[in-house]
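Asks: Handing you a structure now.
The values are calculated or read from the model by the stated rules, or taken from the named source; none is laboratory data. Note that the structure is a prediction, hence the values are computed from the model and not measured. Neighbour counts are summed over all protein chains in view; Cβ atoms, including those assigned to glycine, are modelled from backbone coordinates with ideal geometry. Surface areas here come from the heavy atoms of the whole protein model, side chains and all, with no ligands, DNA or RNA. Shrake-Rupley method; radii C 1.70, N 1.55, O 1.52, S 1.80 Å.
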Amino acid sequence: MVAARPLLSIVVPFFNEGANVERLFLRLTPFLESLDLAWEVVCVNDGSRDDTLDRLLAAHGRDSRIKVIDLSRNFGKELALSAGLAHSQGDAVVPMDADLQHPPETVRDMIAKWREGYDVVYAIRHARIGQGLAARLFARGFYWTFEHLAEIPLPREAGDFRLMDRKVVDVINRMPERSRFMKGIFAWVGFRQIGIPYQQGERVEGGTKWGFVKLLRFAFDGLTSFSNFPLRVWSYIGAMIAGLSFFYIVIRVIRTLIYGVDIPGYESILIIMLFLGGMQLLTLGILGDYLGRVFNEVKGRPLYIVRSTHGFEDGDSSRRK
Ligand code: UDP
Ligand code: MG
């Protein structure tokens, strides 16, 4: 082996992707061999309940450059990815989905840009295949809100599929927060970034792991981990309502002095009470959300738990019972 060849790490999270394992390596391995780089594929088994792990270990048996991290349970894609990034050794690291929605061929263009001196080369989805209008609108609304509230420009249609230089990966590995909204973290770290277009493939096997509720939760998580605006906005709204109420009180007092007391007004009182009550509950909910986040961070639990690793030089635990 030529020692000077830079190492490329591909990091792939797997959650119940048994049907995709062989298909992925069938396409990925020949591609990696065609590059003039040394390579490794870091596979993270994110608590799959099917035969994903066995198939990954078989792949590792065939080629030791395919390495496997087995997590103790399902931690979610973001944390699985964090585990993979932490274990990767490459001078350049590319996270990639197991379902072949990220065409390996795009990596060649990424490497070209990396060699030009860019630290991050993110892939921009050309068209959203297999997504309905509602999903597209939701995504668009999310990007708009995030950019305006978090004040971090989030590249449109860019996901986790990207090449990162070692120095970027090192920074990300040092970020201790638990709620890892990777898209935001990737953008937040800065460095010299550039986007290249790619055509997202269709998922071949199985269904997407994202339901609408999970997606909504994810979007809200992303927003609240990068912006304090949802916390602050209530002081503005509160001040506005207090101001308006003051004028209203003055008007009522003058009216009463001129026209005397009139009994009707039941509806307006009811409406104001309901409105304020609702707003207070909403505010409490948002406070609670941030408090919960602080609580989670303060506990300081590990981000993920590794059950075993296969193929890593330092402290490998390949023994299987
Ligand atoms: N994934 C994971 N843990 C999870 C959910 C998903 O590791 O809890 C992996 C999954 O196996 C795939 C990638 O994350 O490799 C993207 O998942 P999916 O294709 O379901 O998401 P989408 O492409 O629809 O965004
Ligand atoms: Mg997918």
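Asks: Hey, any idea what the orientation-averaged projected area of the convex hull of the chain's Cα atoms comes to, in nm²?
Replies: Average projection, Cα convex hull of the chain: 21.5 nm².
Asks: Between residue 257 and residue 215, how many nm apart are label points set 7 Å from Cα along the C-beta direction?
Replies: 5.8
Asks: Give the accessible surface of the chain per residue, rounded to a whole number of Å², with probe radius 1.4 Å and ligands, DNA and RNA excluded.
Replies: 55
Asks: Just in the range 90-172: which trypsin sites (Lys or Arg not before Pro) are loop by DSSP and have at most 14 other Cβ atoms within 10 Å?
Replies: Filter output for the range 90-172: 128, 156.
Asks: Quote the FRET efficiency, to the nearest 0.05, computed for residue 296 versus residue 27 with a Förster distance R0 of 30 Å and r equal to the Cβ-Cβ distance.
Replies: My answer for the efficiency is 0.20.
Asks: Shifting gears a bit: Please list the three semi-axes, largest first and in whole Å, of the ellipsoid equivalent to the range 1-108, using sqrt of 5 times the eigenvalues of its alpha carbon gyration tensor.
Replies: Numbers: eigenvalues 94, 42, 32 Å².
Each semi-axis is √(5λ); the values are 22, 15, 13 Å.
Asks: For labels at residue 282 and residue 192 in the simple 7 Å Cα→Cβ model, what's the distance in nm?
Replies: About 4.6 nm, to one decimal.
Asks: Related question: Could you pull out which residues in the range 261-295 have an amide N less than 18 Å from a spot 7 Å beyond the Cα of residue 242, following the Cα-Cβ vector?
Replies: Output list for this probe position: 276-277, 279-281, 283-284.
Asks: Separate question: If you only keep lysine pairs separated by 8 or more in sequence, or across chains, how many in the range 82-233 come under 24 Å at the Cα atoms? Let's see the in-between values first.
Replies: Working: 113/167; 113/183; 167/183; 183/209; 183/214.
Taking the range 82-233 as the scope, the lysine pair count is 5.
Asks: Can you compute the equivalent ellipsoid semi-axes for the range 63-208, i.e. the square root of 5 times each eigenvalue of the Cα gyration tensor, sorted largest first and rounded to whole Å?
Replies: Details: eigenvalues 100, 75, 64 Å².
Whole-Å semi-axes of the equivalent ellipsoid: 22, 19, 18.
Asks: List the DSSP H helices in the chain whose Cα atoms stretch 27 Å or more along the helix axis and whose mean Kyte-Doolittle hydropathy is at least -1.0.
Replies: 229-259, 266-299
Asks: For the chain, what's the relative contact order in percent, using C-alpha pairs closer than 8 Å and at least 6 residues apart?
Replies: Details: 435 pairs, mean separation 68.7, N = 321.
The value is 21 percent.
Asks: For residue 151 and residue 133 in one chain, what is 0.36 nm times their gap in residues minus the Cα-Cα distance, to one decimal in nm?
Replies: Length difference between fully extended and current span is 3.8 nm.
Asks: Rounding to the nearest 20 debye, state how big the charge dipole of the chain is about its Cα centre with +1 on each Lys and Arg Cβ and -1 on each Asp and Glu Cβ. Don't skip to the end; give the middle numbers.
Replies: On the way: 40 positive and 36 negative charges, 93 e Å.
Here the chain has a charge dipole of around 440 debye.
Asks: Under the rule of -39500 (n - 2.57) per DSSP H run of 4 or more residues, summed and divided by the residues of the chain, what mean residue ellipticity at 222 nm is obtained, to the nearest 500 deg cm²/dmol?
Replies: Values: 10 runs with 164 residues, N = 321.
Theoretical 222 nm ellipticity from helices: -17000 deg cm²/dmol.
Asks: Shifting gears a bit: In whole percent, how big is the carbon plus sulfur part of the accessible area of the chain, probe 1.4 Å, protein atoms only?
Replies: Exposed carbon and sulfur together represent 62 percent of the surface.
Asks: Another question, then. Extent of the range 134-260 along each principal axis, from alpha carbon coordinates, in Å, largest to smallest?
Replies: The Cα atoms of the range 134-260 stretch 75, 34, 26 Å along their principal axes.
Asks: How large is the dipole of the range 234-309 about the Cα centre if only Lys and Arg carry +1 and Asp and Glu carry -1, each at its Cβ, rounded to the nearest 20 debye?
Replies: 400
Asks: Pick out which of 15, 247, 220 has the largest mean-square fluctuation in a Gaussian network model of the chain, springs linking Cα atoms closer than 10 Å.
Replies: It is 247.
Asks: State the Cα centre-to-centre distance between the range 71-95 and the range 265-306 in whole Å.
Replies: Rounded to whole Å, the Cα centres lie 32 Å apart.
Asks: Would you mind telling me which residue in 116, 105, 17 has the biggest mean-square fluctuation in a Gaussian network model of the chain, where springs connect alpha carbons within a distance under 10 angstrom?
Replies: Answer for the Gaussian network model of the chain: 116.
Asks: Take peptides 291-302, 275-286 and line them up by average Cβ neighbours within 10 Å, highest first, as a rough protection proxy.
Replies: Highest-to-lowest ranking by the protection proxy: 275-286, 291-302.
Asks: Test of understanding: in a Gaussian network model of the chain with alpha carbons linked when under 10 Å, which of 92, 134, 80 would top the mean-square fluctuation ranking?
Replies: With Cα springs under 10 Å in the chain, the top fluctuation among 92, 134, 80 is at 134.
Asks: Tell me which GluC sites (Glu not before Pro) from the range 143-251 have a DSSP coil assignment and no more than 15 other beta carbons within 10 Å of their own.
Replies: Those satisfying the criteria are 151, 177, 202, 205.
Asks: Then there's this: Dipole size in debye (nearest 20) for the range 75-161 around its Cα centre, Lys and Arg Cβ +1, Asp and Glu Cβ -1? Walk me through the numbers before you get to the answer.
Replies: On the way: 9 positive and 12 negative charges, 63 e Å.
Once rounded to the nearest 20, the dipole reads 300 debye.
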